[in-house]
1. Take the residues in region 46-86 that are out of contact with any Ser or Thr (no Cβ under 6 Å at 6 or more places or on another chain) and polar (S, T, N, Q), then tell me which one is farthest from G31 (Cα to Cα).
2. When both residues are 6+ apart or on different chains and their Cβ atoms are under 7 Å apart, which pairs have a first residue that lies in region 3-25 and is of a type in the set (A, V, I, L, M), and a second that is surrounded by 11 or more Cβ atoms within 10 Å (Cβ to Cβ) and assigned to a loop (DSSP other than H, G, I, E, B)?
3. Give region 102-115 a look and list any residue that's closer than 14 Å to G34 by Cβ and either open to solvent by 40 Å² or more (accessible area, probe 1.4 Å) or over 15 Å from the mean Cα position of the chain (by Cα) (or both), or say none.
4. Just to check your reading of the model, which residue among P12, P19 is at pLDDT 95 or above and open to solvent by less than 30 Å² (accessible area, probe 1.4 Å)?
5. Quick one: how many residues across region 92-119 are part of a loop (DSSP other than H, G, I, E, B) and more than 25 Å from P24 (Cα to Cα)?
6. Quick one: in region 59-101, of everything that is among the charged types (D, E, K, R) and in contact (Cβ under 8 Å) with a residue 24 or more places away in the chain, which residue is most open to solvent (accessible area, probe 1.4 Å)?
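The values are calculated or read from the model by the stated rules, or taken from the named source; none is laboratory data. None of these values were measured; they are calculated from a predicted model. Backbone-built Cβ (ideal geometry, glycine too); neighbour counts: all protein chains shown. Remember, those area values only see protein heavy atoms, side chains included, never the ligands or the DNA or RNA. Shrake-Rupley method; radii C 1.70, N 1.55, O 1.52, S 1.80 Å.
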Amino acid sequence: MSKQIIGNDKYPLKPHNSPAVKVPGLVFASGQVGSGDIATATTQSITALKEVLELAGSSLDKVVKFNIFLKDMDDMLPMNETFVSLLPEGPKPARTCVQAARLPGGPDARIEIEAIATA
């Protein structure tokens, strides 16, 4: 199976991960972190995820699964409002949402979202 590593100047490869990995038919996008209030943080995460998916030749409307990590589960309802407003119309993908003790991105990080999409 061939594997293509996805990255660019804005989303560079790091020693510990790649922004995305594309295999035949699928794109696995690494988590994108957002900070600030939960609406702003969610918008930051989804916007970055959208850009990474497009870099890999995919898009938000091709996502089959989101994994969401929240700093505080009390943010889930307001996060959902912003999250849904940023996604394409129609049925939404499968999703997991959990509270994480700590997120990358420092103490202000509120959310991390990763995705699996069709290519």
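1. This residue is S85.
2. As it stands, the answer is I5/L13; I5/S18; I6/S18; I6/P19; I6/A56; L13/G7; A20/A56, since those pairs meet every condition given.
3. P104, G105, G106, P107, D108, R110, E114, listed by residue number.
4. Working: P12 fails: open to solvent by less than 30 Å² (accessible area, probe 1.4 Å).
Result of the check over P12, P19: P19.
5. Residues of region 92-119 that are part of a loop (DSSP other than H, G, I, E, B), as a first pass: 92-93, 100-108, 119.
Imposing the further condition that a residue be more than 25 Å from P24 (Cα to Cα) reduces the set to 100-108.
The total comes to 9.
6. Only one residue tops the list, namely E81.
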